[in-house]
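**Student:** Handing you a structure now.
The values are calculated or read from the model by the stated rules, or taken from the named source; none is laboratory data. What you see is a predicted model; the values in this text were computed from it and never measured. Cβ sites come from the backbone with ideal geometry, for glycine too, and all protein chains shown count toward neighbours. Surface areas here come from the heavy atoms of the whole protein model, side chains and all, with no ligands, DNA or RNA. Shrake-Rupley method; radii C 1.70, N 1.55, O 1.52, S 1.80 Å.
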Amino acid sequence: MNDRANAPTAVAEVRPVRLRATPRGRQADPEAVAEVQALLGAAPRRRDLLIEYLHRIQDRYGALADRHLVALARELKLSMAEVYEVATFYHHFDVVRAGEAGPPALTVRVCDSLPCELAGAKVLAERLARTLGPGVRVLTAPCIGRCETAPNAVVGRNPCTHATVGKVEALVAAKATQHPPAPPLSAGGEPAAREPHARAVSPAYADLDAYLASGGYRTLGALLARGDDGEARADVRRKLEDSGLRGLGGAGFPVGRKWQVVAAQPAPRLMAVNIDEGEPGTFKDRWYLERDPHRFLEGMLIAAWAVGIAEVWIYLRDEYHGIRAMLEGELAKLASRWGRALPPIELRRGAGAYICGEESAMIESIEGKRGMPRLRPPYVAEVGLFGRPTLEHNMESLYWVRDILEKGPGWFASQGRNGRKGLRSFSVSGRVQRPGVHLAPAGITVRELIDEFCGGMLPGHAFYAYLPGGASGGILPASLGDVPLDFDTLAPYGAFIGSAAIIVLSDQDRAIDAARNLVRFFRDESCGQCTPCRVGTAKALALIERDRWDEPLLQELAAAMMDASICGLGQAAPNPVLSVMKHFRHEIS
């Protein structure tokens with residue numbers, strides 16, 4: 001017999017439970033809570049407004065002190081980790097821990113993207129770091145979307161184009177402020193008034209009254225009068241499909257087909273507009289918004305009507321402070337004029353993350369999270385913003401909707417050269433006499449673009465090479481300058497057009513230097529989610545900064561990055577390296 005069977009049962013000692021007087025973790029400072037509550041006012045405490053509220057705190061106090069982050073976490077009923085991981089993900093947020101000194105009162109950011117590097121930005125940044133006073137911080141920054149006026153700097157919130165030491169010093173002396181006092185938020189979470197000190201856009205831009213006087217919103221008004229007419233909506237979608245218009249943010253998916261796909265999804269359907277153009281060399285969205293913003297807004301609202309969209313979000317890059325102030329005012333005018341006939345529109349502010357140009361990363365950011373791309377499927381057309389079917393578009397794709405409907409789909413399809421269809425807005429920068437946005441037929445060659453639209457090369461410069469699609473589109477030699485510029489035409493040469501950002505290099509430049517600049521950009525902008533991109537971009541940069549390239553290893557690394565990266569950043573990051581090895585072997589041999 002087992003003696004243990006009859007052994008007396010041990011009675012566990014019962015100890016009294018001690019209740020904690022306070023929750024676990026760092027406690028919110030009452031003064032910081034009061035300050036955050038005063039900033040937020042009656043605005044809703046929603047997770048998706050986290051980034052907006054982080055902006056408000058930094059705008060008011062100059063940085064994100066950890067005491068304010070703890071208070072914000074309490075207000076939004078989020079963990080400190082959720083708030084901190086978002087605050088530290090985006091370039092434009094300055095997180096300051098207890099006991100640390102905050103940033104200087106003024107920050108000068110000097111763009112170090114390829115067009116600005118060609119124009120002497122590196123020397124400019126070095127000189128500014130030596131000459132500006134101790135109360136000014138000088139940083140290099142990725143592309144700020146003003147490549148046609150390189151080199152560029154941003155003094156606080158004020159862009160300084162064709163920047164020189166003298167021009168930057170003058171702006172600093174004028175005490176351009178980076179952190180003006182912020183007005184309280186409205187109940188909807190948006191700024192209650194236009195932010196001061198954000199430099200206005202071009203004074204020639206067409207506001208609502210000017211746009212109406214030129215016939216604007218007649219097409220939208222006629223469609224809204226049709227109400228819920230399903231056949232009328234289907235007819236608009238067919239016209240867009242017949243026009244051949246493709247997405248102009250880079251991917252090139254047919255616009256009309258995308259409308260059909262999203263319209264077939266169950267309601268409510270949402271819409272997200274991507275104006276976070278961070279691709280070095282790209283500035284077309286800013287260019288159009290500074291001149292004719294309502295043409296885009298009308299196209300956006302027509303798309304919303306045709307697809308049956310319940311709510312619209314516009315995601316605008318943080319560098320466009322003047323445009324944001326302008327859009328806030330013009331959207332308020334639209335709401336006042338049409339009221340509930342239009343879907344609710346929210347304008348959201350980016351925080352400095354190139355990855356948020358990827359559609360699902362942008363959606364994550366709108367939801368108040370780190371901008372990390374989602375795995376697909378499901379696609380955003382099926383499961384997008386807040387889990388709902390989402391129509392995602394680049395700004396320029398919507399800019400053409402009104403013209404296509406008023407002039408007919410055949411008008412747009414009839415444009416083009418060399419057998420291609422449509423129009424393209426080429427952002428041209430680099431060694432040309434007239435950089436800027438040039439509207440030209442799809443299929444034009446870069447040589448034709450330079451000669452017919454850009455006034456030729458700069459004096460003393462001969463055409464040597466070009467980037468047909470910004471940082472990720474590859475680098476091609478002048479000997480391929482007669483290839484039509486359009487979707488699919490550049491693939492045989494290891495390049496693509498993307499958002500049509502053309503950067504022109506001359507015989508005074510080297511493709512190898514351009515590749516180093518571009519890969520450094522990708523390394524800095526990788527979101528870090530997947531190893532092939534996070535590690536691959538850093539390894540690629542280290543390898544190409546050597547005097548002699550290990551080409552077999554670079555080929556193997558590029559294959560791994562292109563095959564295994566989650567999104568287009570990691571998949572396209574090797575393109576500059578592969579281009580040099582394919583087309584500019586004389587520079588590395």
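**Student:** Using a 1.4 Å probe over the heavy atoms of the protein chains, calculate the carbon and sulfur portion of the accessible area of the stretch 385-453 as a whole percent.
**Tutor:** 43 percent
**Student:** So what's the back-of-envelope 222 nm ellipticity for the chain, counting only DSSP H runs of four-plus at -39500 (n - 2.57) apiece and dividing by all residues, rounded to 500?
**Tutor:** Working: 24 runs with 231 residues, N = 589.
Estimated from H runs of four or more residues: -11500 deg cm²/dmol.
**Student:** Right, something else. Could you order peptides 556-563, 567-574 by the average number of other Cβ atoms within 10 Å of their residues, highest first?
**Tutor:** Those peptides, ordered most packed to least, come out 567-574, 556-563.
**Student:** For the chain, report the accessible area per residue in Å² (1.4 Å probe, heavy atoms, rounded to an integer). Don't skip to the answer; put the middle values down first.
**Tutor:** Details: 24350 Å² over 589 residues.
Heavy-atom SASA per residue in the chain reads 41 Å².
**Student:** Return the lysines within reach of Lys284: Cα separation strictly under 28 angstrom, same-chain partners fewer than 8 residues apart disregarded; answer none if there are no such residues.
**Tutor:** Leaving aside lysines fewer than 8 places away in the same chain, those within reach of Lys284 are Lys122, Lys167, Lys239, Lys258, Lys333, Lys369, Lys407, Lys421.
**Student:** If you compute volume of the Cα convex hull per residue in Å³ for the structure shown, which of (1) 227; (2) 216; (3) 254 do you land on?
**Tutor:** The value matching this structure is (1).
**Student:** Determine ³J(HN,Hα), in whole Hz, for all residues of the stretch 529-543 in sequence, where each value follows from phi through the Karplus function 6.51 cos²θ - 1.76 cosθ + 1.60 and θ = phi - 60°; x replaces Gly and Pro.
**Tutor:** Karplus-based 3J(HN,Hα) across the stretch 529-543 equals 5, 10, 4, x, 7, 4, 7, x, 5, 5, 5, 4, 5, 4, 6 Hz.
**Student:** Which of rounded, prolate, oblate describes the stretch 461-515, given a ≥ b ≥ c as roots of the alpha-carbon gyration tensor eigenvalues and a/c under 1.5 marking rounded, otherwise prolate only if a/b is larger than b/c?
**Tutor:** Numbers: a/c = 1.97, a/b = 1.54, b/c = 1.28.
In terms of gyration-tensor shape, prolate.
**Student:** Enumerate the amide H contacts of Leu64 below 5 Å, restricted to partners 5 or more residues apart or on another chain; note that Pro and chain-start residues carry no placed amide H.
**Tutor:** For Leu64, whose amide H was placed from the backbone, the distant partners under 5 Å are Asp94, Val95, Val96.
**Student:** Another question, then. What does the C-alpha gyration tensor say about the overall shape of the stretch 340-394? Classify as rounded when a/c is under 1.5, otherwise prolate if a/b is larger than b/c, or oblate.
**Tutor:** oblate
**Student:** In Å³ and rounded to a whole number, note down the convex hull volume per residue for the Cα atoms of the stretch 222-350.
**Tutor:** For the stretch 222-350, the hull spanned by Cα atoms encloses 116 Å³ per residue.
**Student:** Ok, one more. Whenever you get a sec, compute what percent of the accessible area on the stretch 283-368 sits on carbon and sulfur atoms (1.4 Å probe).
**Tutor:** 48 percent
**Student:** Given Pro266, Leu327, Gly221, which one lies farthest toward the positive end of the charge dipole of the stretch 219-376, if we put +1 on the Cβ of every Lys and Arg and -1 on the Cβ of every Asp and Glu?
**Tutor:** Ranked along the dipole, the leading option is Pro266.
**Student:** What's the magnitude of the charge dipole for the chain around its Cα centre, counting Lys and Arg as +1 and Asp and Glu as -1 at the beta-carbon? Answer in Debye, nearest 20. Mind dumping the intermediate values first?
**Tutor:** Numbers: 71 positive and 69 negative charges, 172 e Å.
Charge dipole, the chain, about its Cα centre: 820 debye, nearest 20.
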